[in-house]
Amino acid sequence: MFEARALSAAVDAVRESHAPDVRVLNCERDFETLNPARAEDLGLVVDSLEPASYPAAWLPEDAPTLLARYASSELTIGMPGDGSVAWTRQTEPPLVLVKPRVEGSPDAFIDFLIAEALVQLDLGVPEHFIGFFEESYPDLDRAVELDPNGTYQVAAALYDGWVGLQTREVFAEWHDNHPDLADAWQDAGTRLEDRVSDLPRAVARGDTDFADATELACAAIKHAIELPAPFAALDTEAYLDHGPEYAIQWAETTFESLEN
């Protein structure tokens, strides 16, 4: 199910610089969340497993089942929204997991995704948005007037944007040391620019729902793409500094404006 992945020289240099203890593994099968038996299989390739656990009070009563499972003491590796490359600190050493669905993408882009995961691990940020919002997640749930899955998607996007405010500073430095990774970062951003600039009109036309729009806008933050309102308010030092409190205030203000 899992085997060590050979890394390019640039990615290995990023690993040595940011997360030298991390192992990068290829996964035999795609997943959003590994089933418990497969997750336990990780015990064969790591020294120890330590499941994440969060208080049940941090979750709304109608939280998605997978989120409740992740917050419990059950070992839960991977969650919706993690993308083609996921990472976890629920193992010792920490892991970066590369899913088969990424194969077929340009090698440079795959390298960027792995390097991004290594940088995120080095930041010491939570593995999942529930560790970001903590006890304030029910406040976000009340502010975001969507169903539980939509709220989950918005929360994951907001957390991704907050992390992106931090990682993009590292990515910008790659122009000097890892130009191929820097080019892949910029190329991925270029592919997003037109879609992001059209977001307000796409939402107004009903072509894109608000959760999808938030996900796309927040994904663009790590690429330093200029965002339209109301998402531009997330590309700020204030969001970086105040995190969950700012995100909830943004959600309250944004949904109030959508009603008017």
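Among the conditions (1) over 30 Å from Ser8 (Cβ atoms); (2) in a helix (DSSP H, G or I); (3) among the small types (Gly, Ala, Ser), the only one that Ala229 does not satisfy is (2). A single member of Phe210, Phe231 is within 13 Å of Asp160 (Cβ to Cβ) and crowded, with 17+ Cβ neighbours inside 10 Å, and it is Phe231. Considering only residues in the range 192-213 that are closer than 16 Å to Glu226 by Cβ and charged (D, E, K, R), the one that is farthest from the chain's Cα centre (by Cα) turns out to be Arg201. Within the range 119-143, residues that are surrounded by 18 or more Cβ atoms within 10 Å (Cβ to Cβ) have Cβ atoms under 6 Å from residues that are among the acidic types (Asp, Glu) in these pairs: Ala143/Glu252, counting only partners at least 6 apart in sequence or on another chain. Asp21 passes every criterion in (1) part of a loop (DSSP other than H, G, I, E, B); (2) more than 17 Å from Ile114 (Cα to Cα); (3) not small (Gly, Ala, Ser) apart from (2).
Residue by residue, here is whether (1) open to solvent by less than 20 Å² (accessible area, probe 1.4 Å); (2) out of contact with any helix residue (DSSP H, G or I) (no Cβ under 7 Å at 6 or more places or on another chain); (3) of a type in the set (S, T, N, Q) holds:
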residue: Ser8; (1), (2), (3): no, no, yes
residue: Arg15; (1), (2), (3): no, no, no
residue: Ala39; (1), (2), (3): yes, yes, no
residue: Asp47; (1), (2), (3): no, yes, no
residue: Tyr54; (1), (2), (3): no, no, no
residue: Pro64; (1), (2), (3): no, no, no
residue: Leu75; (1), (2), (3): yes, no, no
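Quick check: is even one residue across the range 102-116 under 17 Å from Leu158 (Cα atoms) and in a loop (DSSP other than H, G, I, E, B)? No, the range 102-116 contains no residue that is under 17 Å from Leu158 (Cα atoms) and in a loop (DSSP other than H, G, I, E, B). Of all residues in the range 93-131, those satisfying the criterion of being in contact with a Leu (Cβ under 8 Å, 6 or more places away or on another chain) and either charged (D, E, K, R) or under 14 Å from Gly164 (Cα atoms) (or both) are Asp111, Phe112, Ala115, Phe129. Is it true that Asp147 is more than 14 Å from the chain's Cα centre (by Cα), open to solvent by 20 Å² or more (accessible area, probe 1.4 Å) and not small (Gly, Ala, Ser)? Spelling it out, Asp147 is indeed more than 14 Å from the chain's Cα centre (by Cα), open to solvent by 20 Å² or more (accessible area, probe 1.4 Å) and not small (Gly, Ala, Ser).
The values are calculated or read from the model by the stated rules, or taken from the named source; none is laboratory data. Everything numeric here is computed off the predicted structure, so don't read it as measured data. Using ideal geometry, Cβ is built from the backbone for each residue, glycine included, and neighbour counts are taken over all protein chains shown. Note: areas computed on protein heavy atoms with side chains; ligands, DNA, RNA excluded. Shrake-Rupley method; radii C 1.70, N 1.55, O 1.52, S 1.80 Å.
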